[in-house]
Each structure stands twice: as structure tokens, then as C-alpha cells.
Amino acid sequence: RWVSAIVGMKVETPDGALIGRVRNVVVDGYGVASFAIVSYGSVMRSSVRYTAVPWATVAELLVKDRLVVDRSNLQNAPLVLSEKPELRDGNWRHDAESYWNGRVAVAQ
């Protein structure tokens, strides 16, 4: 239930500017959510970028019905190729965890 509430959720800056949306949630082999896939960038589909945000970080960024993140943190995050990353490829997981580890949620 909680996972379905996250998909489609707005991603905003601390000042309320819409910068993206949660497009997918990656679930591990045990059925546990492990990453949210966030899209951001241009409205035109060819310019959209995707990044994976570890589930623990999602919980830190969650404010009511949106995720709040600094624009620079999102734009500097490692990219994944699509809203449905290749699950057998562990590189994107490692890159995302390394990037977001220790980054704290923005002050509310």
C-alpha cells in the first residue's frame, strides 16, 4: 500500500518548486521496497533523467505527500537508464547507495 502511494508522488525543492516525480519503486526478491526511481528534467520525454534513491533516503525526504530534496542533490545523483532499471545489474544500486549514503534530508 505504501509503495503504491509513493509512485507518482511529486519531488519538490525545499521552496516548493516541482522538480520531478517518483516513477517506480524497485522491490527486492523478498518483496521489500529498496529504491524509488525518480524522474526529473525536461517535460519532453527525450530529456527526462532517472535516478535511484535508496528506500531509507526516501523515508528521510518524505514530507506529507511529497519528497523534498535539494535540486543539486538530485541533479548530481548517478543516473539509471530508465524508470525500470535492469535488476541483474548491481552497478546502479551500488552507485546510488554510495551517492545518497550520508546525505541528510533538507531542513523542513
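The values are calculated or read from the model by the stated rules, or taken from the named source; none is laboratory data. Predicted model, so just to flag it, every value in this text is computed and none were measured. Every residue, glycine among them, receives a Cβ derived from its backbone with ideal geometry; neighbour counts consider all protein chains shown. To get the accessible areas, we keep the full protein, side chains included, count just its heavy atoms, and leave off ligands, DNA and RNA. Shrake-Rupley method; radii C 1.70, N 1.55, O 1.52, S 1.80 Å.
Remarks
- Candidates SER82, SER72, SER34, ranked by Gaussian network fluctuation over the chain, Cα under 10 Å, top entry: SER72
- Here the Karplus curve 6.51 cos²θ - 1.76 cosθ + 1.60, taken at θ = phi - 60°, turns the phi angles of segment 23-28 into couplings of 9, 7, 10, 8, 10, 6 Hz, with x standing for Gly and Pro.
- Carbon + sulfur, % of accessible area of the chain - ligands and nucleic acids excluded, 1.4 Å: 50 percent
- The Cβ shell under 14 Å around GLU86 holds other residues with a net charge of 0, Lys and Arg each +1, Asp and Glu each -1.
- Using C-alpha pairs under 8 Å with a sequence gap of at least 6, the mean separation divided by the residue count of segment 23-79 gives a relative contact order of 25 percent.
- In segment 21-80, Rg over Rh equals 0.97, where Rg is the alpha-carbon radius of gyration and Rh the Kirkwood radius from pairwise Cα distances.
- Residues whose placed amide H lies under 5 Å from that of VAL25, excluding near-sequence neighbours: ILE37
- The charge dipole of the chain, taken about its Cα centre with unit charges on the Cβ atoms of Lys, Arg (+1), Asp and Glu (-1) only, comes to about 300 debye.
- Distance histogram in 10 Å bins (all Cα pairs of the chain, percent per bin): 15, 53, 29, 3
- Over the chain: helical MRE at 222 nm, DSSP H runs n ≥ 4 each giving -39500 (n - 2.57), nearest 500: -6500 deg cm²/dmol
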